[in-house]
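Structure first, commentary second.
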């Protein structure tokens, strides 16, 4: 009778070891899943912040230079830290100045031309990265349809598009690289239209 409780204790410890062995892989998967999800969400947030910050920096100019645009690229890349921004993980950044196409309709009663949702390309600057944006680089005077009626008469809009390829050991082996894209529109602050940067503004 005295030996029976001891044998039961050994049986219970063996059962706990079996249960732990069964649960451990699930716990490991959950841990890495939570970690990778948080990292991917953080990278996605940085891509969105990068896009809006780059647009805001360009909008503060009235006559951008190639050095100004390169500084925007450098600042945008720094926003992604600590995520890598070299080689295949360098973000693709396209900055497009869209100017009024003259298609706004003037109200004859007030002689006011309300904002409209179209324009044409004035100039484009691009930092080529490890992943394509998915659309061809527009040419000067190409028509552009805006998502909202924000184009004013003789005005312009700055559009910044970003694509970033997020990689990690986990996503590489399970889902593959994650491509994150973001687009942001803003208006120049100091001039109706920002003049085309002098020299080459591609990187």
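Enter the angle in degrees (range 0 to 90, nearest 10) between the Cα long axis of helix 66-79 and the first principal axis of the Cα atoms of the chain, meaning the one along which they spread out most.
The angle comes out near 20 degrees.
Grab the DSSP H runs of the chain that are 4 residues or longer, score each as -39,500 (n - 2.57), total them, divide by all residues and round the 222 nm result to the nearest 500 deg cm²/dmol. Before the final figure, lay out the partial values.
Working: 3 runs with 76 residues, N = 203.
Rounded to the nearest 500, it is -13500 deg cm²/dmol.
What's the angle, to the nearest 10 degrees (0 to 90), between helix 3-59's Cα axis and the longest principal axis of the chain?
For helix 3-59, the angle is close to 10 degrees.
Most exposed first by the Cβ proxy, i.e. fewest other Cβ within 10 Å, how do 128, 96, 51, 110 rank?
Numbers: 128 15, 96 22, 51 25, 110 8.
Result, fewest neighbours first: 110, 128, 96, 51.
Which distance in nm do the two modelled labels at residue 19 and residue 105 give, with both placed 7 Å along the Cα-to-Cβ direction?
The two pseudo-label positions are separated by 7.3 nm.
If you restrict to DSSP beta bridges whose two residues both lie in the chain, what percentage is antiparallel, to the nearest 5?
Bridges in the chain are about 95 percent antiparallel.
Of the candidates 30, 133, 41, which one comes out as most mobile in a Gaussian network treatment of the chain with C-alpha springs shorter than 10 Å?
30
Please work out the Cα center distance from segment 25-102 to segment 189-203, rounded to the nearest Å.
Segment 25-102 and segment 189-203 have Cα centres spaced 20 Å from each other.
What is the chain's relative contact order, in percent, from Cα pairs under 8 angstrom and six or more apart in sequence?
Details: 372 pairs, mean separation 54.6, N = 203.
Contact order relative to length: 27 percent.
The list (1) 55, 19, 13; (2) 26, 20, 16; (3) 32, 18, 15 gives values of semi-axes √(5λ) of the Cα gyration tensor in Å, and only one came from this structure; which label was calculated from it?
Structure-derived value, by its label: (1).
The numbers here are math on the coordinates, done by the rules we state, and not lab data. Keep in mind that this is a model prediction, so the values were computed, not measured. Glycine also receives a Cβ, built like all others from the backbone with ideal geometry; neighbour counts cover every protein chain displayed.
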